[in-house]
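J.: One structure is given below, represented as structure tokens, and several questions about it will come after.
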Amino acid sequence: MIYAILRRLGQMLFVMFGISVLVFLIFFATPGADPAARIAGRNASPEVLEAVRHSFGFDRPLPVQYVLMMKKIFITGDLTSFVNRGWKVVPAVLDAIPVTLSLVTGAAILWVVLSIFIGLVAAAWRDTWIDRGLMALGLLGISMPVYWLGEVMNLLSQSRYHDTWLFSWVPPLGYKALSEDPKGWFLTLVIPWVTLAILYIGIYGRVLRAALIEAMQEDYIRTARAKGLSESRILLRHALRTSLIAFVTLFGLDFGALVGGSALLTEVVFGLQGIGKLTYDALQSLDLPMIMATVMYASMFVVIANAIVDMVYILLDPRVKTA
Amino acid sequence: MILSVRDLTVTFRTEEGPVRAIDGVSFDVAEGEILGVVGESGSGKTVSLLAVMGLITDPNAIIGGSIRYRGTELVGLPARALRKLRGAEIAMIFQDPMTALTPVYTIGWQIAEQIRAHQKISARAAMDRAEELLAEVNFPNPREALSRYPHQLSGGMRQRAVIAMALSCNPALLVADEPTTALDVTVQAGILDLVRRLRDRHGSAVVFITHDMGVVSELADRVMVMYAGRIVEKGARSELFGDPLHPYTRALMGSIPPLTGERPRRLPAIPGSPPSLLRLPQGCSFAPRCPVRFEACEARPALPAGARAAACFRVEEFQS
């Protein structure tokens, strides 16, 4: 068990190393482009260009450049954005992480709990109006684009109905740190959580329902019935456990991607300065050091999320252990 | 009689119209006896016993007739009452041990789960009982096997675990649906031996479904042969094997390789294939494949009452 986890961690480091090399090569070794000019930004003076060239080691071989870059991101943490006039990249990323993590984790808890509930109810009352109603709602949730839904939520809670009893508790847009103002943190995030979660509740509810219905056709479900177990026990203990495998796979991918910046639209709509927003702004201004740092960070989260999923697999399905 | 089935019909609604998978099947099982049910795939042997267990969950299935277990009518019995019998008094062993156990729980957990579904005992006591059961079905190391997952066991061992589970509440009736079909021949013999020994020890009645005439001739006290959803012949084992009456039974016997003497170059096979249940012949459903059919077979032969009977118009001619 411990060996399997250590091996998984080793693989994780290897994958992250591969990603960092790839990202580095794309940005810094693309033929015909001068990375120094791109880092320095438009209309940079020759002195700045020279400083950039020296600081990033562009006058030295590629492997040295790579090591310098990694040192700037991970060890000294002094990677500097020239486009934004000396803005330190690493602290900016570190500031954005709690915002995105708060947003995505809260939404994830919501969507996991609700979609498991919906999937179970729909599968238990399969082909009845309850099932059809829930699946139609799910489809509706999937069909609503998050930027539209977010704007509608804002319109309702921030302006149109803000002064009614329904939404008077909603604070203005923006992020409040959990450590400083827990109540404010919670209240500002409730609507973003719901908005982000709705799409995933729809998807996961449908996926789980399909997996449950498939599992209910298995031979071991017939055995469970022959044992004289109740239908609810069969569904919860025998079908759900095996159905969660597909669910967890999907969750690892989605959670990693969202934490890595895919929550951009939600962040923009609700004025949250998270990783997605940071990456988006960096891309707008071609801020290479910032892009490099956020891409590294995002890949790290995707890889970590997948490693966690693999470990959950071991807990869910004993067959994985020996494989 | 522990089990009395009368005029059992199972009809499935399909897009091409109703399909009668079981058509008027009646049989009895006495306490402590082993009844062999033989037939090709699709003959209805499994469906009829699933109906007895109340395990036909297809919403398009319509079950008719009467199934009495020790006097209690099972057809139309509320799910809760049926659940109390299932697993406790009537247990079932399935064909494929590879898929019959939930892959994510240990053997011990799954056996203890069944015990605790029917008896108010502690988890600890249920585990001890599971260990005894595994020892009873000849697990070499029962204590260790408790914490094994199904995928860590061989097919034969899994089937033993399934049997141990089925026996956990000392059922009065055990339904075994081709429990040896998916296993190696050497393992088969062990399982058959186990079923027979358990019957002797616990006095449970056993309904043994198989398509293997060899297995039936070894194990069963009484045999019933099914074809296209009906019983075509029934009788005590010695009668049925010594003097098969129905041409279908005779054809099945013909396809067993002889143990002594010269082996035929090719085993005789029954020509044709079983009829589609959607388009059953008007008369005797075996007639299209029957070597001795004549005009009368345009009508449907009934199965006469009595312990020894065959549904064929030419029975008298064959009786020796």
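Read the figures in this text as sums done on the coordinates, not as results from a lab. Just so it is clear, the structure is predicted and the values come from calculations on it, not from any experiment. Neighbour counts are summed over all protein chains in view; Cβ atoms, including those assigned to glycine, are modelled from backbone coordinates with ideal geometry.
J.: Return a whole-number percent for the relative contact order of chain A, with Cα pairs under 8 Å and 6 or more residues apart as the contact set. Intermediate values should be presented prior to the final figure.
T.: On the way: 385 pairs, mean separation 78.0, N = 323.
Worked out over chain A, it gives 24 percent.
J.: Can you tell me the orientation of helix B:155-166 relative to chain B, as the angle in degrees between its alpha-carbon axis and the longest Cα principal axis, to the nearest 10?
T.: Here the helix axis deviates by roughly 80 degrees.
J.: In the protein assembly as shown, what is the count of Lys pairs whose alpha carbons are under 16 Å apart, counting only pairs at least 8 residues apart or on separate chains?
T.: The number of close lysine pairs in the protein assembly as shown is 6.
J.: Kindly write out, for region A:11-19 in residue order, the coupling ³J(HN,Hα) from the Karplus curve 6.51 cos²θ - 1.76 cosθ + 1.60 (θ = phi - 60°), rounded to whole Hz, with x marking Gly and Pro.
T.: So the J values, rounded to whole Hz, are 4, 4, 4, 4, 4, 5, 4, x, 4.
J.: A follow-up question, please. What is the Cα centroid distance between region A:203-258 and region B:10-83, reported in whole angstrom?
T.: Result: 28 Å between the Cα centres.
J.: With loop defined by DSSP as not H, G, I, E or B, and exposure as at most 11 other Cβ atoms within 10 Å, which is the longest segment of chain B clear of exposed GluC sites (Glu not before Pro)?
T.: It runs B:17-261.
J.: Out of A:THR195, A:GLY138, A:PHE255, whose Cα points farthest toward the positive end of the dipole of region A:96-284 (charges: +1 Lys, Arg; -1 Asp, Glu; placed on Cβ)?
T.: A:GLY138
J.: Let me ask another. Taking a ≥ b ≥ c as the square roots of the Cα gyration tensor eigenvalues, with a/c under 1.5 meaning rounded and otherwise prolate when a/b beats b/c, else oblate, which class fits the protein assembly as shown?
T.: Here the protein assembly as shown falls in the prolate category.
J.: What dipole magnitude, in Debye to the nearest 20, does chain B give about its Cα centre under +1 on Lys/Arg Cβ and -1 on Asp/Glu Cβ?
T.: Once rounded to the nearest 20, the dipole reads 460 debye.
J.: Using each residue's phi in region B:5-20, evaluate 6.51 cos²θ - 1.76 cosθ + 1.60 at θ = phi - 60° and report the 3J(HN,Hα) Karplus result to the nearest Hz, with x for Gly and Pro.
T.: For region B:5-20, the Karplus-derived couplings read 10, 10, 6, 5, 10, 10, 10, 9, 7, 10, 5, 8, x, x, 10, 8 Hz, x marking Gly and Pro.
J.: So who's got an amide H within less than 5 Å of the one on B:ILE62, skipping anything under 5 residues away but keeping other chains? H placed 1.01 Å off N, in plane.
T.: The answer is B:THR11, B:PHE12, B:ARG13.
J.: Normalised by the residues of region A:96-284, what does the relative contact order come to in percent, with Cα pairs under 8 Å and at least six apart?
T.: The normalised contact order for region A:96-284 reaches 35 percent.
J.: Using DSSP, restrict attention to beta bridges with both residues in the protein assembly as shown and report what percent are antiparallel, rounded to the nearest 5. Numbers along the way, then the final one.
T.: Details: 30 of 49 bridges.
Bridges in the protein assembly as shown are about 60 percent antiparallel.
J.: Out of the trypsin sites (Lys or Arg not before Pro) in region A:54-106, which ones are loop residues according to DSSP with at most 14 other C-beta atoms within 10 Å?
T.: Answer by residue number: A:ARG85.
J.: Additional query: To the nearest 10 degrees, how steep is helix B:185-202 against the longest Cα principal axis of chain B, on a 0 to 90 scale?
T.: The angle comes out at about 80 degrees.
J.: Using a simple charge model, +1 on the beta-carbon of Lys and Arg, -1 on the beta-carbon of Asp and Glu, nothing else, what dipole does region A:96-284 show about its Cα centre, in debye to the nearest 20? Could the numbers behind the result be given before it?
T.: Numbers: 14 positive and 13 negative charges, 130 e Å.
I would put it at about 620 debye.
J.: Moving on. To the nearest 20 debye, what is the magnitude of the charge dipole of region B:11-108 about its Cα centre, counting +1 on the Cβ of each Lys and Arg and -1 on the Cβ of each Asp and Glu?
T.: 420
J.: Would you pull out the residues with amide H under 5 Å of B:TYR227's amide H, same chain only if 5 or more places away, H placed 1.01 Å from N?
T.: Here B:VAL232 satisfy the definition.
J.: Relative contact order of chain B: what whole-number percent is it, with Cα pairs under 8 angstrom and at least 6 residues apart?
T.: 21
J.: Out of residues 5 or more away from A:ASP34 or on other chains, whose amide H comes under 5 Å of its own, with H placed 1.01 Å from N in the peptide plane?
T.: The list, which skips near neighbours in sequence, is empty: none.
J.: Order by neighbour count: B:ASP177, A:ASP281, fewest other Cβ atoms within 10 Å first, most last.
T.: Neighbour counts put them in this order, fewest first: A:ASP281, B:ASP177.
J.: Step through the residues of region B:120-132 one at a time and calculate ³J(HN,Hα) from phi using the Karplus curve (6.51 cos²θ - 1.76 cosθ + 1.60, θ = phi - 60°), rounding each to whole Hz and writing x for Gly and Pro.
T.: Per-residue couplings from phi come out as 8, 10, 6, 4, 4, 5, 5, 5, 4, 5, 4, 5, 4 Hz.
J.: If I stretch the segment between B:GLU31 and B:SER255 completely, what's the gain in nm (0.36 nm per residue apart, minus their alpha carbon distance), one decimal?
T.: So the chain would gain 77.4 nm between B:GLU31 and B:SER255.
J.: When B:SER4, B:SER43, B:SER276 are ordered from fewest to most other Cβ atoms inside 10 Å of their Cβ, what list results? Mind dumping the intermediate values first?
T.: Working: B:SER4 16, B:SER43 27, B:SER276 11.
In order of increasing Cβ crowding within 10 Å: B:SER276, B:SER4, B:SER43.
J.: Based on other C-beta atoms within 10 Å, arrange B:PHE208, A:PHE17 from fewest to most. The partial results should precede the final answer.
T.: On the way: B:PHE208 27, A:PHE17 11.
Least to most surrounded, the residues fall as A:PHE17, B:PHE208.
J.: Do the sum for chain A: with -39,500 (n - 2.57) for every DSSP H run of n ≥ 4, divided by all residues, what is the mean residue ellipticity at 222 nm, to the nearest 500 deg cm²/dmol?
T.: Calculated mean residue ellipticity at 222 nm is -22500 deg cm²/dmol.
J.: Separate question: Is the shape of region B:1-102 best called rounded, prolate or oblate, per the rule: a/c under 1.5 gives rounded, else a/b larger than b/c gives prolate, else oblate, with a ≥ b ≥ c the square roots of the Cα gyration tensor eigenvalues?
T.: Rounded, because the longest to shortest axis ratio a/c is under 1.5.
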